[in-house]
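Data first, discussion second: the structure below is written as structure tokens.
The values are calculated or read from the model by the stated rules, or taken from the named source; none is laboratory data. Keep in mind that what you see is a predicted model, and the values were worked out from it rather than measured. Quick reminder, even Gly has a Cβ in these numbers, built from the backbone with ideal geometry, and neighbours come from all protein chains shown.
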Amino acid sequence: MTSRSLLRLAVAGAVATTTALMAVAPADAQQAPRTVPVRLLALNDFHGNLEPPTGSSGRMIDENGATVDAGGAAYIATHMKAHTDANTIAVAQGDLIGATPLISAAYHDEPSVEFLGKLGLKVAAVGNHEFDEGYAELRRIMKGGCHPVDGCSPAGEWKGASYDYVGANVLFKNAGEKSDALAALGSRPEVTKLLSDWGVPALPPVSVKWMNGVPVGFIGLVTQTTPGIVTAEGIKDLKFVDEVKAANVASKVLKLLGVKAQVVLVHEGDQVTPGQSPDACSAVPGAGNRIATQVDPEIDVVLSGHSHQAYLCKVKDPAGNDRLYSQGGSFGRVITQVDLKVDVRTRDVVRSSVVADNHVVTRTVEPDRDVADFVQTWKDRVAPVANRPVGRITADIKNTGGPSGETPLGDLIADAQLAATKTGGNAQIALMNPGGVRMPLTYAGSPAGEGDGVVTYGEAFAVQPFNNLMQVVTLTGAQLKTVLEQQFTGGPNNQPFTKILQPSANLTYTYSTSAAWGSKVSDIRIDGTPVTDTQQIRVAANNFLVGGGDAFLAFKDGTDLWSGPLDIDAFVDHLGKNGPIAPPATDRITVTS
Ligand SMILES: [Zn+2]
């Protein structure tokens, strides 16, 4: 559905309220207020895992404390059906697409969005990863049409998502921008006024769904840190504002529309104390808890995402009432079920009626036949690409490592990136962001398990799934030092936690764990020669880092930008050009106390 018709629905819903009320109002006014049941089934951070995810991404601690295999589209469908009743609305909290396996990514995630439609999803908040290919591509995913560069997928012209994407805190930077979300609210002057005082929404802020004669309003929110974690170019026209402020405006909009049963779908969440049941309130209060406790008391439930953790918490809203705050892990391993009752007279949620349960998507059930066939179709389509051998390794090459934060696979990727940018971009060194190294390379291979050290394109893609562009910029020695200092917390760039950039083999340095920010890094050398402050250095990195991603703001001071191949192509090329590759030694960074 387009945002235009979605918001029309919201307006139409409010007008229809009186009729709906009369239809369900009890004949005897003395009778106790009637309530109607509503069930929400929620998913978050699916990341295109149509096939059952492997390794630790495919395991989950269940309600009994056992570690079980979990996830996979056909199993999700079976579990969803088992928990769906006549009162059910399926919703999601973002990162459904982006950073996805090749089966989805090769087709710009159309297979995943189609699957979620088949699942019966009605409303989803956007996550940061929905912006991985930029705002224009997100709009294409929402509304349909073929990809402007790659054309139509083998399934034909893309019809658009069959669920609504919402994002109340995503605004246009330019106040003069035309917004279809705002235009659709034209018939309600007080709503238009509220929103135009607030800003120009780039996405529909809310979606209203009717269930059992009552309207339920869903407010979408995405982490306000999105500009720091997605490629700058694709979102250059957008701003991501404070989640609480945006939720409160959206809540007022819903109220003006007569919608008092309000649910926040937020792509932001908290970390947990590990090892606990998905039904435990194991969340350590952070960015998610701030939102869950501070948004308007009219909001009844806060379903979260982004941190890939599972928890069910009861927090206090600003009026002191209990409010559900939950998350359902990631990769389709957990479905969160929320049962609530709505008073038909006040049209508000009876807070004491809210009950939630995190269901682990086990694989001991019969997989849904239709969805299994659907996944197989896409698997067959992508197989010739995925199964192509691209190189060999002598042993597992891991994306975890020693105390410095350097990892064997990070080193290998940095070497590949330098090799791919030396000629055209005159790169002298390369730096790779650790968060972009998504999976280890295993000797046994996955999921077929050839066991011969062969790396397939599919396996290489699982490591480097972002289709980032390799770039080269000139930094001075002093700017390179600043980049390396920005790896650590405590600086003006506000790095939230230590992120060690993976260096190419010819870049070495030392850092001190105890030194103050700004003087942690010393003895920077390129090919053994000490780097001077004024020296000009050609530095290769992906376009995410060069755009200042992950709080590496000093990259933005780089000059003489050169753009080269995709990062996955650089990696595949390097694997192919070298004989069986042994895990690098992770001796490029030295740590002192
Ligand atoms: Zn996220």
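Screening GLY458, GLY451, GLY445 for residues that are part of a helix (DSSP H, G or I) and not charged (D, E, K, R) leaves exactly one candidate, GLY458. Within segment 41-55, if we keep just the residues that are assigned to a loop (DSSP other than H, G, I, E, B) and in contact with a His (Cβ under 9 Å, 6 or more places away or on another chain), the residue that is nearest to the ligand (Cβ to nearest atom) turns out to be ASP45. Cβ-Cβ distances below 8 Å connect the following pairs, each with a first residue in segment 153-164 that is acidic (Asp, Glu), a second residue that is assigned to a loop (DSSP other than H, G, I, E, B), and a separation of six or more residues or different chains: GLU157/GLY144; GLU157/GLY145; GLU157/CYS146; ASP164/MET1; ASP164/PRO204.
Matching residues to (1) of a type outside the set (A, V, I, L, M); (2) surrounded by fewer than 24 Cβ atoms within 10 Å (Cβ to Cβ):
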{"position": "PRO37", "(1), (2)": "yes, yes"}
{"position": "ASN49", "(1), (2)": "yes, no"}
{"position": "GLY55", "(1), (2)": "yes, yes"}
{"position": "ARG59", "(1), (2)": "yes, yes"}
{"position": "ALA70", "(1), (2)": "no, no"}
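Filter segment 560-586 down to residues that are part of a strand (DSSP E or B) and modelled with pLDDT under 95 and give me whichever is surrounded by the most Cβ atoms within 10 Å (Cβ to Cβ). Per the stated criteria, the residue is GLY564. Only a single item in (1) over 22 Å from MET211 (Cα atoms); (2) outside any loop (DSSP other than H, G, I, E, B) is not met by HIS308, and it is number (2).
Considering GLY451, GLY458, GLY445, which residue is surrounded by fewer than 23 Cβ atoms within 10 Å (Cβ to Cβ), free of Cβ contacts under 8 Å to residues at least 12 places away in the same chain and either within 30 Å of PRO580 (Cβ to Cβ) or touching a His at 6+ places or on another chain (Cβ under 7 Å) (or both)?
Matching residue, one of GLY451, GLY458, GLY445: GLY451.
In the condition set (1) closer than 30 Å to GLY213 by Cβ; (2) buried (at least 24 other Cβ atoms within 10 Å of the Cβ), GLY117 is compliant with all but (2). Listed by first and then second residue, the pairs linking a residue in segment 327-351 that is more than 22 Å from TYR75 (Cβ to Cβ) to a residue that is surrounded by fewer than 23 Cβ atoms within 10 Å (Cβ to Cβ) and polar (S, T, N, Q), with Cβ atoms under 7 Å apart and 6 or more places separating them unless they lie on different chains, are LEU340/SER353; LYS341/THR35; LYS341/SER353; VAL342/THR35; ASP343/THR35; VAL344/THR35; VAL350/THR35; ARG351/ASN321.
Only residues that are over 17 Å from PHE218 (Cβ atoms), touching a His at 6+ places or on another chain (Cβ under 9 Å) and within 16 Å of the ligand (Cβ to nearest atom) were counted across segment 105-127, and they come to 1.
Taking the conditions (1) surrounded by fewer than 21 Cβ atoms within 10 Å (Cβ to Cβ); (2) within 16 Å of the ligand (Cβ to nearest atom); (3) at pLDDT 95 or above in turn, ASP95 satisfies each one other than (1). For beta carbons closer than 6 Å, sequence separation of 6+ or different chains, a first residue in segment 117-129 that is charged (D, E, K, R) and a second that is away from the ligand (no atom under 13 Å from the Cβ) and in a loop (DSSP other than H, G, I, E, B), the qualifying pairs are LYS122/TYR163.
Restricting to segment 239-257, and then to whatever is under 12 Å from ILE291 (Cβ atoms) and of a type in the set (D, E, K, R), can you tell me which residue is nearest to the ligand (Cβ to nearest atom)?
Going through segment 239-257, the residues under 12 Å from ILE291 (Cβ atoms) turn out to be 242-248.
Imposing the further condition that a residue be of a type in the set (D, E, K, R) reduces the set to 242-243, 245.
On the way: ASP242: 17, GLU243: 13, LYS245: 20 Å.
Selected residue: GLU243.
Take segment 258-292 and flag every residue that is part of a loop (DSSP other than H, G, I, E, B) and either under 19 Å from the mean Cα position of the chain (by Cα) or within 16 Å of the ligand (Cβ to nearest atom) (or both). Listed by number, the residues that qualify are GLU268, GLY269, ASP270, GLN271, GLY286. Summed over segment 79-92, the residues that are in contact (Cβ under 8 Å) with a residue 40 or more places away in the chain and either of a type in the set (A, V, I, L, M) or within 16 Å of the ligand (Cβ to nearest atom) (or both) give a count of 6.
Please work out if ARG363 is within 16 Å of the ligand (Cβ to nearest atom) and either under 17 Å from HIS79 (Cβ atoms) or in contact (Cβ under 8 Å) with a residue 40 or more places away in the chain (or both). So ARG363 does not fit the description; no. Residues in segment 409-424 that are of a type outside the set (Gly, Ala, Ser) and crowded, with 24+ Cβ neighbours inside 10 Å: LEU409, ASP411, LEU412, ILE413, GLN417, LEU418, THR421. The residue that is nearest to the chain's Cα centre (by Cα), among those in segment 293-306 that are surrounded by 24 or more Cβ atoms within 10 Å (Cβ to Cβ) and not acidic (Asp, Glu), is HIS306. All of ALA541, ALA505 fail the test of being buried (at least 17 other Cβ atoms within 10 Å of the Cβ), under 18 Å from GLU485 (Cβ atoms) and touching a residue at least 40 places away in the same chain (Cβ under 8 Å), apart from ALA541.
When residues in segment 307-340 are screened for being polar (S, T, N, Q), crowded, with 24+ Cβ neighbours inside 10 Å and either away from the ligand (no atom under 16 Å from the Cβ) or closer than 24 Å to PRO37 by Cα (or both), 3 of them pass. Could you list, in sequence order, all residues of segment 164-191 that are within 30 Å of ARG345 (Cβ to Cβ), out of contact with any Pro (no Cβ under 7 Å at 6 or more places or on another chain) and buried (at least 16 other Cβ atoms within 10 Å of the Cβ)? If the condition is that a residue be within 30 Å of ARG345 (Cβ to Cβ), out of contact with any Pro (no Cβ under 7 Å at 6 or more places or on another chain) and buried (at least 16 other Cβ atoms within 10 Å of the Cβ), then ALA184, LEU185, ARG188, VAL191 are the ones that fit. Filtering segment 379-407 to residues that are farther than 20 Å from TYR443 by Cβ, surrounded by 16 or more Cβ atoms within 10 Å (Cβ to Cβ) and among the aliphatic types (A, V, I, L, M) leaves only VAL382.
Would you confirm whether any residue within segment 100-113 is of a type in the set (Asp, Glu), modelled with pLDDT of 95 or more and surrounded by 15 or more Cβ atoms within 10 Å (Cβ to Cβ)?
yes
Let's see how each residue does on (1) closer than 25 Å to VAL284 by Cα; (2) of a type in the set (Gly, Ala, Ser); (3) crowded, with 23+ Cβ neighbours inside 10 Å; (4) touching a residue at least 40 places away in the same chain (Cβ under 8 Å):
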site	(1), (2), (3), (4)
PRO227	yes, no, no, no
VAL241	yes, no, no, yes
ASN248	yes, no, no, yes
VAL253	no, no, yes, yes
VAL266	yes, no, yes, yes
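In this structure, LYS520 does not satisfy being under 22 Å from the mean Cα position of the chain (by Cα) and closer than 22 Å to ASP587 by Cα.
Residue-wise test of (1) on the phi > 0 side of the Ramachandran plot; (2) under 27 Å from the mean Cα position of the chain (by Cα).
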{"site": "GLY436", "(1), (2)": "no, yes"}
{"site": "MET439", "(1), (2)": "no, yes"}
{"site": "GLY453", "(1), (2)": "yes, no"}
{"site": "GLY477", "(1), (2)": "no, no"}
{"site": "GLN486", "(1), (2)": "no, yes"}
{"site": "GLN495", "(1), (2)": "no, yes"}
